[in-house]
Amino acid sequence: LRGLVEVSNVCARDCHYCGIRVSRTDVSRYRMSANEILECAATVHELGYGTIVLQAGEDHGIRRDWLAGLIRRIKLDHDLAITLSLGERDDADLLEWREAGADRYLLRFETSDRALFEKIHPARGERCIDRIEMLGRLREMGYEVGSGVMVGIPGQTYETLARDIELFRELDLDMIGIGPFVPHPDTPLGQEAEAKRRTDAIDINQVPADELLTYKVVALTRLICPDANLPSTTALSTINKANGRELGLMRGANIVMPNLTPAAYRCRYQIYPGKECFDESGSQVHVGVKRRIEAIGRVIGTGRGDSPNKRKRTVS
Ligand code: 5AD
């Protein structure tokens, strides 16, 4: 289990699918204070987790030094692995955070189809970071490296999805997140998906954004990358609230990331609609997740939960 804390919904980017994209002016923005984040870290530790995941939009208000200080403080207080998921950042930031003690970094490449990637990810100003290259640099800096894709992006074909899975192997990823594309009605891609759904035209190459296909991609990825950590994603449990999370675990995933963001903020981090938004405390969220995992006969692991893939690489 990893304790997920969504530390900021401020974002500089305008990704066509995402509910917290910069052009959504009606989203109420927040950035958690260092003390609020430290309180969450204490909760993550008390619940017995070995990892805290700090996730945010691409928020350049999260300053290099500020976060480095916070990482050092969490490491002093608790024996926790720290995973960062903060978007495309400069090498200087990544290096400083690594030196401060960050262990892992997550950055999905979303699709291996370059043209499709560029269509749905407008560049920020002049700057254009190649995510595949950034994943390579993260690896060189000594991070455990995670990536992943969405399944069923409008314009995604079976062929590119197969190529995505090949790329997981080529990049020798330690963590791979795979979730269905969930159309957000207030985004360009959500609207495109809805318009396509209304016409009867069937495109046989278009990958559906459904549960079954997501499970297939998870299962194939498990076969191709046997030592990677694969989360059963929140997006999966969103499109099948009854048992998506469990089915993900039964089809190859081995990680769950309970959302321990304070409830008031959690509701403002709607990258897609339908995210559970009850006024539950971290420990209530934990109890629910634990019950579900135990109900399918699984035993929850302890410790940091480093990726066996990374361990194998360092040993050999
Ligand atoms: N549907 C599904 N997944 C989404 N993400 C962002 N927006 C959506 C959406 N509408 C995923 C992206 C991103 C991760 C944090 O959430 O893959 O990398």
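The numbers here are math on the coordinates, done by the rules we state, and not lab data. Quantities reported herein were computed from a predicted structural model and do not represent experimental measurements. Cβ coordinates were reconstructed from backbone atoms using ideal geometry, including for glycine residues, and neighbour counts include every protein chain displayed.
Here are the numbers:
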quantity	calculated
Long-range HN-HN contacts of Val53 with modeled amide H, under 5 Å	Gly3, Leu4, Val5, Thr83
Interchain or long-range residues, amide H under 5 Å from Tyr272's placed H	Gly19
Extension gain from Glu118 to Asn254, taking 0.36 nm per residue of separation minus the Cα-Cα distance	45.8 nm
Cα centre as origin, Lys/Arg/Asp/Glu Cβ charges: segment 21-127 dipole, Debye	260 debye
Ranked list, fewest to most other Cβ atoms within 10 Å of each Cβ, for Thr314, Thr83	Thr314, Thr83
For segment 220-259, convex hull of alpha carbons as volume per residue, Å³	61 Å³
Protection-proxy order for peptides 263-274, 220-231, 300-311, each taking the mean of Cβ atoms within 10 Å per residue, highest first	220-231, 263-274, 300-311
Length gained when the stretch Asp186-Asp26 is fully extended (0.36 nm per residue, less Cα-Cα span)	56.6 nm
Spin-label model distance (nm) - Ala219 vs Val287, 7 Å beyond Cα toward Cβ	3.5 nm
Rounded to whole Hz, the Karplus (6.51, -1.76, 1.60) HN-Hα couplings of segment 84-95, x for glycine and proline	9, 9, 10, x, 7, 10, 5, 4, 4, 5, 4, 5
Inter-centroid distance (Cα atoms) of segment 178-207 relative to segment 65-139, Å	28 Å
The chain: calculated mean residue ellipticity at 222 nm from DSSP helix runs of at least 4, using -39500 (n - 2.57)	-12000 deg cm²/dmol
Calculated P(r) tail over 38 Å for the chain, as whole % of Cα pairs	7 percent
Extension reserve of the Thr302-His60 stretch, reckoned as 0.36 nm per residue once the Cα distance is removed	83.8 nm
Global geometry of segment 112-200, whether rounded, prolate or oblate, following the gyration tensor of its Cα atoms and the 1.5 cut on a/c	prolate
Entries of Lys119/Lys196; Lys119/Lys241; Lys275/Lys310 with Cα pairs more than 24 Å apart	Lys119/Lys241; Lys275/Lys310
Rule-of-thumb Rg ratio for segment 166-316 [Cα; 2.2 N^0.38 Å; N residues]	1.16
Top of Asp103, Asp172, Asp79 by mean-square fluctuation, Gaussian network on the chain, Cα under 10 Å	Asp79
Leu54, Leu107 arranged by Cβ crowding within 10 Å, fewest neighbours leading	Leu107, Leu54
Which of Met257, Met141 has the fewest Cβ neighbours within 10 Å, and the rest in rising order	Met141, Met257
Net dipole in debye of segment 156-303 [+1 Lys, Arg Cβ; -1 Asp, Glu Cβ; about Cα centre; nearest 20]	500 debye
